[in-house]
Amino acid sequence: MASTLKPDDARQVEEAIAWAVANGEPLELIGRGSKRALGRAFQAETVLDLSGLAGVIDYEPAELVLTAGPATPMAEIEKLLAENNQMLAFEPMDLTALLGGASSEGSLGGSLMINSGGPRRIKSGAARDHLLGFEAVSGRAESFKSGARVVKNVTGYDLPKVICGSYGTLAAVTRIDVKVLPRPEKVYTVLVLGLDAEQAVRAMGAAMNSAHEVSAAAHVPAGLAGKSAVSYIREAGTSVTALRIEGFGPSVERRCAELREELASFGTIEELHTMNSLSFWLEVRDVHYLVAPMQDPVWRISMPPASGAKVAAELSKLDGAAWFSDWAGGLIWLQLPASNDASAGEVRAAVDAAGGHATLMRAAKDVRAAVPVFHPQAAPIAALSRRVKESFDPNQVLNPGRMYAGI
């Protein structure tokens, strides 16, 4: 049975890792544990539980900066920001339901470690574009910090870009500084009904290239649109191509009207207003349409948006495939019937042909043990990744040999 080390502050984190280095003991890092089902299953004799490093440390709404511990619940942060009409603009995903947990269990650190980015990524970027600075302990048991609580900061190496997406393998983060932004006053969504995948990519491309500042673009085929909690989407009986416009009320109304006129040639056009829009985009963000059945594997596939329709057509040939797209066609979420390999060969062949990559986000433990969860890297990138990992953790103490987001 694994033992657990639960530090209360950064100094104790450093002491715990120093002990692990001295004893050659690998550590499994967890925070709130909402993403333990991500990546290859890993067993360690010792768990480094960072849940004690939670809570908002400093928040200055006027300066648009928030500082918190890595295990701070996202629900707590989002509530605090909402009270001040602000938000995390990278729209962090809540994957707990998809991975079999209770909703809203995720943490700020976990969102950063997977470089989370929701539908707004096409406009505002992902987590790494909003991380201002952090403090952490490396695999050498050395405390360090990078960045600062200012937006325009060029001090030292840009380690925040490296730590985001590292899945907890580079360092044990103890403090996080993030940029926040004002919440939009109105959120409207222009809907184009009845398009196939190729037509949807063209419509989303036209919207993104327009002057109307579209902040999200997604396509949900008819079979999945019927799962929506938004009655208009659920009862449409057809595919839905959605384009989000945010901002001040008069501006949103004008831009929506102009966008509807520009897209009229694509077919039937409708519109969702703020409450329904917010509900719909939460469903897209959190992959609501593919949560059930839980035993079925789910893939996250990223590629150039122009290739989205072609990849979707190839994936649709797989028996039992269900999918929808985000990021104007550049991101496909795919669900397949349970099997012993999650159809990895067929999925990655289609993705490789498009110049993209596929991540197995959900599957049974034996499947994740047999199938590479992350897309194989090209040899030069793989070599660079190893050198970066070794510079942070030469003793392979932090989650050795796998990619894992326990926090």
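Structure notes:
- Accessible area in square angstrom per residue, the chain, 1.4 angstrom probe: 42
- Helix axis angle, 10-23 relative to the chain longest principal axis, alpha carbon, degrees: 70
- A 1.4 Å probe over all protein chains sorts PHE280, PHE248, PHE374 by accessible area into PHE248, PHE374, PHE280, starting with the largest.
- Computed from the C-beta positions of GLU346 and ALA229 and an R0 of 25 Å, the FRET efficiency is 0.20 to the nearest 0.05.
- Degrees, to the nearest 10: 249-262 long Cα axis against longest axis of the chain: 60
- Estimated FRET transfer efficiency when R0 is 22 angstrom, pair ALA338-ALA222 (beta carbons, to 0.05): 0.40
- In region 288-407, the C-alpha radius of gyration followed by the widest Cα-Cα span (Dmax) gives 15.5, 45 angstrom.
- Three principal axis extents describe the C-alpha atoms of region 59-183; from largest down they are 37, 35, 25 Å.
- Label separation (TYR59 vs GLN295): 4.3 nm, computed from points 7 Å beyond Cα along the C-beta direction.
- With the simple model of a label 7 Å out from the Cα in the direction of the Cβ, ALA382 to TRP19 spans 3.6 nm.
- Accessible surface of the chain [probe 1.4 Å, protein heavy atoms]: carbon and sulfur percent: 52
- Remark: region 155-308 carries a charge dipole of roughly 420 debye about the Cα centre, counting +1 on each Lys and Arg Cβ and -1 on each Asp and Glu Cβ.
- One decimal place: the segment LYS123-GLU198 gains 24.8 nm when fully extended, by the rule 0.36 nm per residue minus the C-alpha distance.
- Within the chain: Cβ-based charge dipole about Cα centre, in debye rounded to nearest 20 (Lys, Arg +1; Asp, Glu -1): 560
- Secondary-structure-derived ellipticity at 222 nm for the chain, considering helices only, amounts to -8500 deg cm²/dmol, per-run term -39500 (n - 2.57) for DSSP H runs with n ≥ 4.
- Counting all C-alpha pairs of the chain, share separated by more than 26 Å (%): 54
- Centre-to-centre, using Cα atoms only, region 77-94 and region 267-326 are separated by 23 Å.
- Using the Cβ-Cβ distance between SER279 and HIS357 with R0 = 41 Å, the FRET efficiency computed as 1/(1 + (r/R0)^6) comes to roughly 0.85.
- Taking Cα atoms only, the orientation of helix 379-392 departs from the longest principal axis of the chain by about 50 degrees.
- Among residues other than HIS212 with Cβ under 12 Å from its Cβ, the summed charge is -1 (Lys and Arg +1, Asp and Glu -1).
- D (Stokes-Einstein, µm²/s), Kirkwood Cα radius, region 16-98, 1.567 mPa s at 4 °C: 86
The values are calculated or read from the model by the stated rules, or taken from the named source; none is laboratory data. Model, not experiment: these values are computed from the prediction. When we count neighbours, we look across all protein chains shown, and the Cβ atoms used for this are built from the backbone with ideal geometry, even at glycine. We work out accessible area using only protein heavy atoms, side chains counted, and drop any ligands, DNA or RNA first. Shrake-Rupley method; radii C 1.70, N 1.55, O 1.52, S 1.80 Å.
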